[in-house]
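The values are calculated or read from the model by the stated rules, or taken from the named source; none is laboratory data. A quick note: this is a predicted structure, and the numbers were derived from the prediction, not measured. Neighbour counts run over all protein chains shown; Cβ positions are idealised from the backbone, glycine included. Keep in mind that these areas ignore ligands, DNA and RNA; they rest on the heavy atoms of the full protein, side chains included. Shrake-Rupley method; radii C 1.70, N 1.55, O 1.52, S 1.80 Å.
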Amino acid sequence: MPKAIEVHNLYFKYEDSSEYALKNINLEINPGEKVAIVGENGAGKTTLIKHFNGLLKPTKGSVKIFGIDTKQTTVASLARKVGLVFQNPDHQFFAESVEKEIEFALRNFGFSETEIKTTVDKMLKFFGLEKYRNSSPFTLSGGEKKRLAIASVLCYNPDIVVLDEPTVGQDIIQKRKLSFLLEKITEMNKTVIVVSHDIDFIAENFERVIVMAQGQIIADGSVEKILTNRKVLRQARLLPPQVTLYAWHLSDLGIPENIIKLNILLEEILDLIKGAKIC
Amino acid sequence: MLRSLQSFRYIKKDTIIHNLDPRSKMVFVFLIASFIFISNNILTLSVILILIILLAFIAKSFTQLMRMLKGILPWIIFIFVINYFTSQSGLLLASIMSLKFATLAMVFTLFFITTSPEDFMLALNKLGLPYEYTLAFTMAMRFVPSLARDLQIIIDAQKSRGLELEKGNFIERIKKYIPILIPLIVYEIRRSFMIAEALESRAFGSSKRTFYYELKITKLDLLFIILSCIIAIILYFIESYFRLF
């Protein structure tokens with residue numbers, strides 16, 4: 001079975017720039033995997049994900065989606081497989097109602113009227129937007145707009161879902177809804193890729209993380225290993241998850257340094273207290 | 001689209017042309033533009049063309065100027081073709097008209113790519129235009145690159161949802177621009193309100209403002225103005241006494 005995404009020696013240079021925005025990127029993502037991409041501003045994260053649906057084509061090297069080279073096909077046919085949700089929902093809303101906004105992609109991809117109706121109903125229900133069916137997308141709150149943006153991409157059932165900074169400007173309730181949503185999308189056996197600065201969100205919701213700096217991948221592996229690696233974090237100018245910071249502060253007491261999940265940290269602290277009592 | 005818009009953008013460089021006072025550059029642009037408007041002599045226009053290219057080299061902005069020229073090339077060809085087929089003198093008039101258009105675009109572009117919007121605003125202010133108007137003008141200029149960037153993001157976002165701008169007949173293709181223009185207009189209107197609020201928060205219009213940086217006419221500026229006048233006299237002589245045809 002081909003990989004969901006296969007990137008080989010990818011180099012990319014913007015037309016008006018003399019420097020490469022992406023340098024020697026090599027990457028493999030399996031179908032059904034849930035991957036986070038992190039890195040400071042200008043590290044090349046968005047440039048990389050724009051290669052996944054062919055909006056950008058490699059200057060050198062190749063990007064393959066389920067074995068198909070992005071250079072050999074159109075954005076429209078790739079977009080059918082790779083759903084890309086942009087950071088700012090205001091950059092895509094135009095329809096007079098929430099319902100029509102979801103319909104847009106379905107009509108572009110040639111879905112039948114019955115399919116459109118059932119899919120829109122399903123999406124509105126799934127994303128809790130039923131009561132806004134006939135409202136203008138511009139009147140929604142920040143969290144609702146974000147959910148609508150995701151719904152308007154997820155509706156055509158792409159195999160790979162890529163989200164650019166989904167937690168920006170979202171409160172804790174919206175973030176929890178987003179975590180739940182990512183869980184559901186993964187359950188549907190879809191490949192999920194999220195670009196984010198929100199280290200705590202990544203630590204709680206992902207297993208694999210790719211770290212980028214200056215157009216290169218500097219680390220790729222499990223969140224436990226990467227997000228607790230001081231050298232990698234320093235190089236990518238990232239802070240560790242809050243839980244890891246606590247663990248580091250408590251390391252003198254015997255707490256392991258590679259903890260990123262709250263429940264594990266709590267268990268370790270409880271064990272420590274129990275041990276102290278026994279002594 | 002982004003690239004051709006980029007060619008009008010001011011890029012800070014340390015050259016004589018960049019360091020001149022905008023007012024002295026305005027004198028030059030005014031004189032040259034006047035000659036372009038009144039001239040019907042291909043020799044005068046050719047001299048102007050060479051002069052602009054020379055100045056572009058001194059300003060280290062030749063590539064940027066050529067990029068702009070590449071952007072307007074379809075219009076130059078359009079003007080040439082229209083004049084060639086509609087006038088009696090054909091080739092000569094077509095060449096003159098397209099040369100007029102190209103040189104005019106070049107002289108104004110050279111001014112804007114070598115003059116920072118702030119300096120331009122100060123110069124307009126010094127020339128008596130109210131601050132509110134000069135600010136509106138420079139802000140409009142400043143937002144061209146961000147407008148182009150927003151446009152690109154919106155196109156990418158809609159293409160990612162299956163919009164194919166290249167497909168369909170003429171009417172269908174025009175209709176396909178609706179999902180691009182609506183988010184762009186809404187987004188920019190919202191942004192303009194935010195900018196207005198930000199300006200008011202920074203006490204815009206509360207009293208007569210002063211400027212931290214004042215423009216000064218230097219000896220170099222005077223020299224440039226005198227040189228511009230000499231060039232104008234030479235151009236006048238060419239226009240009056242030398243004709244190729």
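Which one is nearest to the chain's Cα centre (by Cα) among residues in segment A:165-178 that are crowded, with 20+ Cβ neighbours inside 10 Å and not aliphatic (A, V, I, L, M)?
The initial filter retains those residues of segment A:165-178 that are crowded, with 20+ Cβ neighbours inside 10 Å, namely A:166-167, A:178.
Of the ones still in play, those that are also not aliphatic (A, V, I, L, M) are A:166-167.
Numbers: A:166: 7, A:167: 10 Å.
So, considering only residues that are crowded, with 20+ Cβ neighbours inside 10 Å and not aliphatic (A, V, I, L, M), the one nearest to the chain's Cα centre (by Cα) is A:166.
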Those residues of segment A:133-144 which are within 12 Å of chain B (Cβ to nearest Cβ) and touching a helix residue (DSSP H, G or I) at 6+ places or on another chain (Cβ under 6 Å) amount to A:137
Could you pull out the residue among B:15, B:44 that is surrounded by fewer than 19 Cβ atoms within 10 Å (Cβ to Cβ) and on the phi < 0 side of the Ramachandran plot? B:15
List the number of the failed condition for residue B:10; all other conditions in (1) in a helix (DSSP H, G or I); (2) crowded, with 17+ Cβ neighbours inside 10 Å hold. (1)
For the structure I just gave you, tell me whether residue A:140 is surrounded by 22 or more Cβ atoms within 10 Å (Cβ to Cβ), out of contact with any strand residue (DSSP E or B) (no Cβ under 9 Å at 6 or more places or on another chain) and within 26 Å of residue B:181 (Cβ to Cβ). no
Does residue A:83 qualify as being surrounded by fewer than 18 Cβ atoms within 10 Å (Cβ to Cβ), within 27 Å of residue A:35 (Cβ to Cβ), touching a helix residue (DSSP H, G or I) at 6+ places or on another chain (Cβ under 8 Å) and within 14 Å of another protein chain (Cβ to nearest Cβ)? no
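Taking residue B:137 as the residue in question, decide whether it is of a type in the set (Phe, Trp, Tyr), under 25 Å from residue B:12 (Cβ atoms) and outside the structural domain of residue B:34 (by TED's automatic domain parsing). Can you show your working first?
On the way: of a type in the set (Phe, Trp, Tyr): yes; under 25 Å from residue B:12 (Cβ atoms): yes; outside the structural domain of residue B:34 (by TED's automatic domain parsing): yes.
Judged against the criteria, residue B:137 is a match.
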Selection count where residues are within 14 Å of chain B (Cβ to nearest Cβ) and among the charged types (D, E, K, R), scope segment A:41-71: 2
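Residue by residue through segment A:155-172, note down the ones that are of a type in the set (A, V, I, L, M, F, W, C) and in contact with a His (Cβ under 9 Å, 6 or more places away or on another chain). Give the derivation first.
Here is the first cut: in segment A:155-172, the ones of a type in the set (A, V, I, L, M, F, W, C) are A:155, A:160-163, A:168, A:172.
Correct list: A:168 only.
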Those residues of segment A:160-188 which are more than 18 Å from residue A:37 (Cβ to Cβ) and either assigned by TED's automatic domain parsing to the domain that holds residue A:122 or acidic (Asp, Glu) (or both) amount to A:171, A:183, A:187
Select the helices (runs of 4 or more DSSP H) contained entirely in segment B:138-245, then report the ones holding at least 1 residues which are basic (Lys, Arg) and open to solvent by 100 Å² or more (accessible area, probe 1.4 Å). B:170-175, B:219-241
Going through B:187, B:177 one at a time, which residue ends up being free of Cβ contacts under 8 Å to residues at least 60 places away in the same chain, within 11 Å of chain A (Cβ to nearest Cβ) and farther than 19 Å from residue A:149 by Cα? B:177
Pairs, first assigned by TED's automatic domain parsing to the domain that holds residue B:8 in segment B:77-106, second surrounded by 15 or more Cβ atoms within 10 Å (Cβ to Cβ) and outside any helix (DSSP H, G or I), C-beta under 9 Å, six or more apart: B:96/B:39; B:96/B:41; B:100/B:39
State all residues of segment A:10-25 that are closer than 18 Å to residue A:213 by Cβ, open to solvent by 70 Å² or more (accessible area, probe 1.4 Å) and among the polar types (S, T, N, Q); if no residue qualifies, say none. A:24
What are the residues in segment A:110-126 that are outside any helix (DSSP H, G or I), in contact (Cβ under 8 Å) with a residue 24 or more places away in the chain and surrounded by fewer than 18 Cβ atoms within 10 Å (Cβ to Cβ), if any? none
